[in-house]
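J.: Submitted below is the structure of interest, expressed as structure tokens.
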Amino acid sequence: MGYAEPVAKLRITDLARMAGVSVQQVRNYVELGVLPPVERTASGYRVFTEVHAEALLIVRQLAEGHGWERTRTIMRAVHAGDLGTVLATVDASHGELDRERSDIARVLGAFDEIGREPAGARPRRPLRIGEVADVVGVRTPVLRLWEQRGLLSPEREPGTGYRVYGQAELRKAEVVALLRRGNYPFAVVRSVLDELGPHGRPERVRAELAKREQDLHRRSLKRLRASAALSAYLTQ
């Protein structure tokens, strides 16, 4: 007849030290549900085990790779047995980076198109602000803010006064949206747009986008490692 090994109990201070967080953070994680349920002794003290230690390490890895909000969603779903939410959240996180890569490729392609477009080429139909917002992926108030900051200069439609964006302004809006999603400050965005002008140097724009792509590589590797750790945790 076999005997189950006793579960090692840990103090909250030991758990915090192992994960490199404060005792209060451990308490917060328990309250937020990102750690497994914790039993209490008759005197009210929390009882932690190696299970909580493993979960805490996973929480830290997930937060580094996928961000805190997604980590909270993932771990709550793990403890609720909701595998569908876990997988959907992880997929959405990786898909976000894929969309950013597509944005970079699209803007680079737009720069190439500027270089190939012959002088006097007939422009395509100007777009109104709502249409540009849909193409770029922002709300119309954001486009107005960029205009106030001098980043965009749409024309006005005769008679109606509606803002209209030609192809050059649309490309500028795409560049601004891409850089702002990368948390570039407005000063940097403005300097990049200046390089797109008639006296600018487009190679500087390409250099900025190359930096953004390298940042995506680093973020992607972090998410990949976090997802691998989560997969190992789920199989236990």
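The values are calculated or read from the model by the stated rules, or taken from the named source; none is laboratory data. Just so you know, these numbers come straight off a predicted model, no measurement behind them. Using ideal geometry, Cβ is built from the backbone for each residue, glycine included, and neighbour counts are taken over all protein chains shown. Please note that ligands, DNA and RNA were not included when accessible areas were found on the heavy atoms of the full protein model with its side chains. Shrake-Rupley method; radii C 1.70, N 1.55, O 1.52, S 1.80 Å.
J.: So what is log10(I(q)/I(0)) for the stretch 28-91 at q = 0.17, 0.25 1/Å, when the Debye sum runs over its Cα atoms only?
T.: -0.58, -1.07
J.: Roughly to the nearest percent, how much of the accessible area of the stretch 31-190 is carbon and sulfur, given a 1.4 Å probe?
T.: Carbon and sulfur atoms account for 52 percent of the accessible area of the stretch 31-190.
J.: If r is the Cβ-Cβ distance from Trp68 to Ser153 and R0 is 30 Å, what FRET efficiency results, to the nearest 0.05?
T.: Once rounded, the FRET efficiency stands at 0.20.
J.: Hey, another quick one. Which order do peptides 214-224, 135-145 fall in by mean Cβ count within 10 Å, highest first?
T.: The peptides rank, most packed first, as 135-145, 214-224.
J.: How much net charge surrounds Glu39 when only the other residues with a Cβ under 11 Å from the Cβ of Glu39 are counted, with Lys and Arg +1 and Asp and Glu -1?
T.: Once all neighbours under 11 Å are counted, the net charge is +3.
J.: Which value in deg cm²/dmol, rounded to the nearest 500, describes the helix-derived mean residue ellipticity at 222 nm for the chain, given -39,500 (n - 2.57) per DSSP H run of n ≥ 4 and division by the residue count?
T.: -22000 deg cm²/dmol
J.: Would you pull out the residues with amide H under 5 Å of Thr49's amide H, same chain only if 5 or more places away, H placed 1.01 Å from N?
T.: Result for Thr49 returns Leu10.
J.: What helices does the chain have that are whole DSSP H segments, at least 20 Å long along their own axis by Cα, and with mean Kyte-Doolittle hydropathy of -0.5 or more?
T.: Membrane-span-like by this criterion, though nothing is claimed about a membrane: 50-66, 83-116, 167-181.
J.: What are the lysines whose alpha-carbon lies under 25 Å from the alpha-carbon of Lys172, with same-chain residues fewer than 8 places away excluded?
T.: Partners found: Lys211.
J.: A further question on this structure: Using a 1.4 Å probe, what is the accessible area per residue for the stretch 129-236, in Å²?
T.: It amounts to 56 Å² per residue over the stretch 129-236.
J.: By how many nm would the segment from Ala105 to Val23 grow when fully extended, if each residue of separation counts as 0.36 nm and the alpha-carbon distance is taken off?
T.: Extra length available between Ala105 and Val23 comes to 25.0 nm.
J.: I need the fraction of alpha carbon pairs in the stretch 185-236 separated by more than 13 Å, rounded to a whole percent.
T.: 68
J.: Taking R0 as 45 Å, what's the FRET efficiency between Leu234 and Ala207 from their Cβ-Cβ distance, rounded to 0.05?
T.: Taking R0 as 45 Å, the efficiency between Leu234 and Ala207 is 0.65.
J.: Calculate the spin-label point distance for Leu87 paired with Glu131, positioning each point 7 Å from the Cα along the beta-carbon direction, and give it in nanometres.
T.: 4.1
J.: Here's another thing I want to ask about it. Stretched out fully, how many nm does the piece from Ser191 to Ser220 gain, at 0.36 nm a residue minus the Cα gap?
T.: Residue separation times 0.36 nm, minus the Cα-Cα distance, leaves 7.7 nm.
J.: Amide H neighbours of Tyr165 under 5 Å, counting only residues 5+ apart in sequence or on other chains, H built in-plane at 1.01 Å?
T.: Leu127, Arg128
J.: Given a 10 angstrom Cα cut-off, can you work out which residue in Gly161, Gly67, Gly130 is the most mobile in a GNM of the chain?
T.: Fluctuation is largest for Gly161.
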